[in-house]
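Working notes, structure below.
The values are calculated or read from the model by the stated rules, or taken from the named source; none is laboratory data. Because the structure is a prediction, the values reported are computed rather than measured. Don't worry about glycine lacking a Cβ; one is built from the backbone with ideal geometry, like all the others, and counts go over all protein chains shown. Accessible surface is based on the protein model in full, side chains and every heavy atom, while ligands, DNA and RNA are left aside. Shrake-Rupley method; radii C 1.70, N 1.55, O 1.52, S 1.80 Å.
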Amino acid sequence: MKKHLETCKNCENQFEEAYEFCPHCGQQAKEDLTVGVLFYNTISNYFSFDARFFKSFFPLMFKPGFLAKKFIEGKRLLYLHPAQLYLFVSVVFFFLLSTTVVRNQVEDLDSKLKKTIKTPLISDSFKLENQKNIDSIKLDSILKPISANGIPGMKAEEIKALDSIIKTNVNDGENLNLTFDDFNEKEIDSLIAIDAPDKQIYKVMGMDDDAGYISRKFYTQILKFYKQRNGGQILQAFYDTIPVSLFVLLPIFALILLVLFYKQGSYAHHLVFSFYFFSFLFTAFSIILIANNFIKVPNWIDGLLVFSTFFYLFVAIKRFYNHGWFLSFIKTGLATFIYLIFVIPIAVIIVGLIGFLYY
């Protein structure tokens with residue numbers, strides 16, 4: 001008897017007509033696209049994800065190292081995949097961070113910087129204090145006619161004493177000037193006022209003609225910041241680069257674990273552990289952000305919660321790597337020390353530079 005074959009609309013492979021689903025890709029064999037089917041697939045997929053997420057949430061928060069250990073043992077469909085869980089939780093965390101802390105800090109910084117535009121960059125009192133910087137030639141040209149012709153109402157001895165006092169004050173203040181590392185604000189303000197080319201302003205700022213790309217980029221950003229007083233955008237750019245940097249920081253954390261536990265499985269094992277641990281961190285920090293958004297949580301409680309993540313890591317390492325309590329504590333402390341003292345500061349510097357150069 002001849003078998004009737006169906007062609008899958010998704011993968012275009014053929015299979016027997018009796019099958020309800022394609023044995024090659026799993027798509028339903030005969031399914032007309034209706035509004036009901038469309039929403040059923042969407043909702044079922046969504047709640048399938050949610051079901052595994054909520055099933056993973058409790059052990060993630062209260063059973064350190066449990067999910068990573070189960071995943072390594074082969075239970076990979078019962079709980080949410082470590083990378084998928086990490087991506088989901090990190091998106092939620094950075095959304096909360098950007099809509100609460102970052103937005104408030106950016107707006108506050110911009111408002112403070114914009115106030116400086118309403119007042120002169122060089123106040124009259126500042127100018128008066130720095131009149132002592134008049135060079136000796138100009139000073140002599142001013143004092144010579146006074147000494148020769150005198151001042152009505154003043155004796156020659158008094159004029160001589162005044163001349164001495166003025167010159168002494170000038171000499172005492174000879175190191176005061178209007179420049180900061182060759183950055184002459186008054187001259188730059190004048191050039192900006194007449195819409196002078198940026199290249200001309202860069203020279204006044206001290207940039208050499210043969211400056212490299214990074215150096216030119218720095219001067220470009222400094223001038224942009226000086227013109228607009230938009231420090232908030234620099235801060236925003238810094239925060240925007242953090243999620244990207246974490247894709248580097250997380251594998252580095254796994255690499256540290258690989259060095260400390262080199263006999264405890266391949267790099268992939270340590271990467272699974274790191275995914276779940278960072279997922280816990282983002283979940284805990286998200287809860288802190290939500291709580292602070294509704295009530296004013298004392299700083300000491302926030303600090304205590306952040307500090308408790310070390311003990312979570314300690315228990316997770318003990319459970320996942322099957323070490324003793326003392327050895328687990330030593331290696332947890334060592335991993336934390338390396339990560340906080342060396343890895344994160346370097347990452348912050350790199351992220352800060354990227355944020356400044358490309359905001």
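Working note: Debye formula, equal point scatterers on the alpha-carbon atoms of region 253-315, no solvent; log10 I(q)/I(0) at q = 0.20, 0.21 Å⁻¹ is -0.80, -0.84.
Close amide H pairs (under 5 Å, H built 1.01 Å from N) link Glu6 with Phe15, Glu16, Glu17, residues at least 5 positions away or on another chain.
Taking a threshold of 26 Å on the Cα-Cα distance, which of the pairs Lys30/Lys55; Lys203/Lys224; Lys69/Lys296; Lys296/Lys318 fall above it?
Details: Lys30/Lys55 33 Å; Lys203/Lys224 15 Å; Lys69/Lys296 37 Å; Lys296/Lys318 35 Å.
Result: Lys30/Lys55; Lys69/Lys296; Lys296/Lys318 exceed 26 Å.
Once backbone amide H atoms are built at 1.01 Å from N, Phe21 has Ala29 as its partners under 5 Å, excluding neighbours fewer than 5 places away on the same chain. When nucleic acids and ligands are ignored and a 1.4 Å probe is applied, Asp208 ends up with an accessible area of around 100 Å².
In what order, largest first, do Arg216, Arg76 sit by accessible area if the probe radius is 1.4 Å?
Values: Arg216 100, Arg76 125 Å².
Ranked list, largest accessible area first: Arg76, Arg216.
Taking packing as the residue-averaged number of other Cβ atoms within 10 angstrom, the listed peptides 93-99, 69-75 run from highest to lowest as 93-99, 69-75.
Highest average first, the peptides 7-18, 310-321 ordered by how many other beta carbon atoms sit within 10 Å of their residues are 310-321, 7-18.
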